[in-house]
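The block underneath contains the structure these notes are about, expressed in structure tokens.
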Amino acid sequence: MERRRLLEVTPQDDGTFTFRATLTDESFGGNYATAADSVVVHDFVVVGRVTRELEVLELEAEAPTHPYDLCPRALAACAALVGGSLQSGWRRKVLGVGGGTSGCTHLTSLLLSLTELTTLSFFLQINEHLPYDRASRSTGAWMAVGLGLAPQLGDACHVLTRDGEVLTAARSLPDPVVRRPGTTAGE
């Protein structure tokens with residue numbers, strides 16, 4: 001068996017981000033076929049749109065491949081997740097809507113993984129202000145912009161400890177001017 005996940009995040013002109021997340025389970029060989037054959041057992045796709053603050057504006061799910069005719073019934077519950085925040089309370093909300101017998105373990109797993117949008121959207125937001133390259137990382141400038149956009153990055157991991165070398169270098173620089181796309185200095 002093999003499970004593949006994919007998460008694609010694309011910035012939009014209105015400042016939001018669209019995303020496409022997939023979860024595919026594929027079985028190779030086994031009792032049903034020769035070792036060279038494979039079969040997709042589960043294939044779920046979730047698409048949507050979030051704000052820069054990671055509030056879910058749109059969310060739709062589909063199940064192109066599933067083992068039972070009843071499986072797609074779990075998809076409708078995704079509508080209840082619109083308006084939720086991927087930064088706070090997402091796990092509780094997903095499990096409340098689709099946990100246990102009210103949902104599908106594969107779809108629930110994929111929906112829970114949407115919190116990974118946090119890392120990808122912060123990267124894209126920082127990169128709007130300063131390109132991600134060796135120079136901007138080594139001087140601390142890239143992370144200084146990151147802290148200006150998302151102060152919660154402090155203590156996010158062992159590299160980004162508040163008193164560690166990366167954030168210390170970032171804080172030693174003048175505060176960068178960080179604005180939302182499409183705004184001017186006075187806004």
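Observations, loosely collected:
- Among residues of region 120-134 being assigned to a helix (DSSP H, G or I), open to solvent by 20 Å² or more (accessible area, probe 1.4 Å) and free of Cβ contacts under 8 Å to residues at least 60 places away in the same chain, the one that is nearest to residue 49 (Cα to Cα) is 122.
- Residues that are basic (Lys, Arg) and within 14 Å of the chain's Cα centre (by Cα) within region 84-110 comprise just one, 91.
- Restricting region 38-54 to residues that are within 21 Å of the chain's Cα centre (by Cα) and surrounded by fewer than 16 Cβ atoms within 10 Å (Cβ to Cβ), the residue that is modelled with the lowest pLDDT: 53
- All of (1) at pLDDT 90 or above; (2) open to solvent by 50 Å² or more (accessible area, probe 1.4 Å) hold for residue 160 with one exception: (2).
- Matching entry among 77, 61 (being modelled with pLDDT of 95 or more, open to solvent by less than 80 Å² (accessible area, probe 1.4 Å) and touching a helix residue (DSSP H, G or I) at 6+ places or on another chain (Cβ under 9 Å)): 61
- Qualifying positions in region 48-79 - aliphatic (A, V, I, L, M), assigned to a helix (DSSP H, G or I) and free of Cβ contacts under 8 Å to residues at least 24 places away in the same chain: 76, 79
- Count of region 80-119 residues, restricted to those that are in a loop (DSSP other than H, G, I, E, B), buried (at least 18 other Cβ atoms within 10 Å of the Cβ) and β-branched (Val, Ile, Thr), is 0.
- Meets criteria (open to solvent by less than 80 Å² (accessible area, probe 1.4 Å), at pLDDT 90 or above and in contact with a Pro (Cβ under 6 Å, 6 or more places away or on another chain)) for residue 145: yes
The values are calculated or read from the model by the stated rules, or taken from the named source; none is laboratory data. Worth saying up front: this structure is predicted, and the values here are computed from it rather than measured. All Cβ positions, even for glycine, are placed from backbone atoms using ideal geometry, and neighbour counts span all protein chains on display. For the accessible areas, the whole protein counts, side chains as well, though only heavy atoms, and no ligand, DNA or RNA atoms are used. Shrake-Rupley method; radii C 1.70, N 1.55, O 1.52, S 1.80 Å.
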